[in-house]
Amino acid sequence: MHHRGISIFTHRILTNYNFVRATTTFCYYSSHSHSNPLTPKPNGSRLFSFTPRHHHRAPPDPDDPSHLMKEDGVSVCSQMWIENFREPDKVVTNLSSYLRRFELWVLAYQKVCADEMGAYMPRSSIQRSALEDLLALRNAVLDSRFKWGARLDFFIKSPKDKTDYGSLSKRKIRAILTTTQPPAFQDRIVQEVLLMVLEPVYEARFSQKSFAFRPGRNAHTVLRVVRRSFAGYLWYIKGDLSTILDGMKVGMVINALMRDVRDKKVIDLVKSALVTPVITSKVDDGEKKKRVKRKHQKKRVLAEDEPKPDPYWLETFFGFAPEEAEKHPSWGHCGILSPLLANVCLDELDRWMEGKIKEFFLPSKSDVIWNSPEGESERGNTSWPEFVPTSGPDKTRKMDYVRYGGHILIGVRGPRADAATLRKQLIEFCDQKYMLKLDNESLPIEHITKGIMFLDHVLCRRVVYPTLRYTATGGKIISEKGVGTLLSVTASLKQCIKQFRKLNFLKGDRDPDPQPCFRMFHATQAHSNAQMNKFLATMVEWYRYADNRKKIVNFCSYIIRGSLAKLYAAKYKLRSRAKVYKIGSRNLSRPLKEKKGQSPEYHNLLRMGLVESIDGLHFTRMSLVPETDYSPFPNNWRPDHEKALIEYIRLEDPKSLEEQRSCIREQGLVSPQDYISMLVWNYKRNAIMLDQLSLFKSDGINAVKDQQLLLGSNQEVHDNETKEMEGNEGIHVAQM
């Protein structure tokens with residue numbers, strides 16, 4: 001009975017053409033099994049193990065993550081940036097289609113892993129289980145099943161999170177649910193995806209007057225804009241709106257977001273992140289563990305996948321952050337999306353101020369700058385924008401505005417009454433739009449002669465008498481003495497001393513005295529010097545555009561050098577800084593402690609690589625500090641990535657391509673593409689003519705007709721040329 005069933009099944013396979021290969025294999029197996037009695041007999045499981053060969057491919061599995069990654073995530077992001085910069089005024093309604101792109105989720109996973117583990121994870125290194133969990137997270141977001149702030153139930157966990165949440169005790173579970181915890185790994189992935197989707201939309205629409213929390217813009221950009229555009233202003237309004245960064249009502253944020261984005265899925269996701277409460281309670285005193293005081297505490301060893309903490313020099317530099325850059329918004333569960341949402345809300349203020357700038361502008365022909373209706377086109381001396389020649393009492397009414405985070409700076413050229421009127425209107429706008437109560441004290445009006453503090457730099461005005469040279473009628477160069485004011489952007493020494501005092505590097509105001517930095521007590525001299533050199537290098541870069549760059553950096557070097565000298569005096573028991581400088585030289589590059597009885601000198605050991613080299617402190621003399629950067633700043637400046645996007649869109653437009661080609665033709669030039677195509681066309685034309693001439697000489701006109709049949713597709717291209725050649729050669733043969 002068993003053999004009969006096998007024969008029937010074999011007959012059915014033979015009748016199907018698609019299973020011939022499987023049948024052949026089975027017959028081969030059967031023939032060999034009869035010849036060898038030790039070979040096991042075929043059974044049903046052996047038969048069903050063969051895979052049939054079909055002509056049509058099976059449809060791809062929609063749940064397979066590998067089938068969903070069709071493009072690179074960076075190319076998808078680039079496509080979004082190009083689309084939004086091509087149509088910056090269009091209301092966006094199709095962001096959910098980008099939320100479905102699995103490539104963006106993989107890219108967000110890589111970015112969060114880099115922040116979490118301190119190393120970049122290539123796509124090939126991502127495990128399949130992680131991709132499946134990431135796909136489950138994406139589907140949960142699209143199906144509205146994702147909840148912000150989860151503590152125990154996750155769709156995906158961090159690669160370094162090895163906690164088994166199912167086996168935790170009740171006390172640990174209660175501590176997780178009731179105390180402050182870092183944002184969940186899956187929350188950070190969703191935040192990254194939302195940032196990738198929303199940032200291109202609003203970066204194409206943001207005002208050019210805002211500079212904080214935006215790619216390609218920083219505090220240096222603000223200082224360069226102020227130096228370029230604020231030279232002629234007399235009155236300044238400095239405002240602090242940083243309370244908006246602490247948080248706003250959810251309805252205001254959503255209304256500001258829906259001005260340009262009308263995608264319900266994205267709006268609901270952001271709204272739930274703002275509405276979901278964040279648990280910030282602390283552990284009770286009774287539940288705190290008693291810390292055992294150890295006499296000899298070992299250094300904590302970092303895990304393999306644990307990122308290194310910030311070095312000492314970087315922490316010190318972060319301590320120098322100006323007041324305008326100290327506050328960073330963090331709204332609900334939005335995380336890294338919070339700065340973008342803050343800029344979206346404050347963009348209404350930027351647009352309102354841009355309207356006021358146009359409304360306020362009133363040129364005066366008697367003024368030396370901005371004396372025409374074009375405004376910026378008649379700025380004055382564009383090669384020296386900080387200089388403003390003296391003018392009469394009738395001045396052009398003009399103002400400008402910049403915003404860095406929650407801090408604003410408005411410059412007004414005109415009477416003080418105009419600045420007071422603008423301040424009153426600004427107070428009313430902030431009250432109506434943001435429900436923010438401001439007064440005259442929070443928006444002071446100051447004259448340029450008193451010095452305006454912004455980003456730890458002081459804006460002031462100096463009277464200068466330069467020698468002005470210009471070309472008169474007839475080409476004669478005239479030199480005459482001029483008088484005017486010069487806008488000076490100097491680093492505040494008072495703020496620098498304040499920051500050093502906050503970091504315990506010095507004490508005293510009038511005569512600051514350096515204090516030893518005991519955090520570097522257990523480090524070697526080479527390591528301490530290297531750390532402080534990195535700090536000084538960042539300070540040199542921070543004060544790059546300050547007029548007193550040499551002076552302020554030399555002061556920082558003096559404080560750091562004195563602090564290290566006091567540290568080495570205490571560490572090596574040298575009693576005074578003078579003795580440290582005597583042994584270690586002015587820049588502390590010589591070793592302060594040497595073993596007794598050494599036969600070779602220190603330099604010989606250094607040459608043999610047996611000791612660590614010691615780099616001396618940098619910028620110990622003012623002549624070693626680089627000069628201030630006065631490189632010209634263009635009027636309509638844009639960051640490099642925006643310029644590349646705008647240029648790409650312009651070149652992609654067929655109108656611009658046609659304009660370029662017509663301009664090349666008018667100037668009598670040939671583009672490389674046209675030149676190459678012309679050469680190829682001439683080569684083909686000459687080759688055909690040579691073939692035809694050879695045929696004419698051998699067989700005459702009939703052979704030419706046969707050759708035309710062989711040429712095939714070339715006949716349509718060269719039809720007119722062939723007819724002319726036939727006519728001419730026919731006449732020539734008849735004459736012969």
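Translational diffusion coefficient of region 141-215 at 20 °C, 1.002 mPa s, Stokes-Einstein with Kirkwood Rh over Cα pairs, in µm²/s as a whole number.
Calculated translational D: 139 µm²/s.
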For this session: Quick one: grab Rg to one decimal and Dmax as a whole number for region 90-146, Cα atoms only, in Å.
Result: 13.1, 40
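I need the semi-axes of the equivalent ellipsoid of region 182-236: take the C-alpha gyration tensor, multiply each eigenvalue by 5, square-root it, list largest first in whole angstrom.
Those come to 34, 13, 8 Å.
If I take R0 = 30 Å and measure r between the Cβ atoms of S589 and Y630 in this structure, what FRET efficiency does the formula 1/(1 + (r/R0)^6) give, to the nearest 0.05?
E between S589 and Y630, to the nearest 0.05, is 0.40.
Show me the ranking of peptides 220-231, 172-183 by mean Cβ neighbours inside 10 Å, starting with the highest.
So the peptides 220-231, 172-183, ranked by packing, come out 220-231, 172-183.
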Problem set entry | Amide H contacts under 5 Å for A212, placed H, 5+ residues apart | G405
For this session: Enter the accessible area of M622 (Å², nearest 10), with the probe set to 1.4 Å and all protein chains included.
Result: 90
Exercise. Along each of its three principal axes, how wide is the spread of alpha-carbon positions in region 128-269, in whole angstrom units, largest first?
Worked result: 69, 34, 32
Exercise. Under a plain spin-label model, where a point goes 7 Å from the Cα along Cα-to-Cβ, how far apart in nm are E441 and K90?
Worked result: 5.1
Exercise. Hey, if we sort R397, R217 by accessible area with the 1.4 Å probe, largest down, what's the order?
Worked result: R397, R217
For this session: Provide Rg and Dmax in Å for region 538-586, with only Cα atoms included in the calculation.
Result: 13.7, 41
Problem set entry | Rounded accessible area of D640 (nearest 10 Å², 1.4 Å probe) | 120
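The values are calculated or read from the model by the stated rules, or taken from the named source; none is laboratory data. Since the structure is predicted, the reported quantities are computational estimates derived from the model, not experimental observations. We place every Cβ from the backbone using ideal geometry, glycine too, and count neighbours over all the protein chains shown. All accessible areas refer to the heavy atoms of the entire protein, side chains included, with ligands and DNA or RNA removed. Shrake-Rupley method; radii C 1.70, N 1.55, O 1.52, S 1.80 Å.
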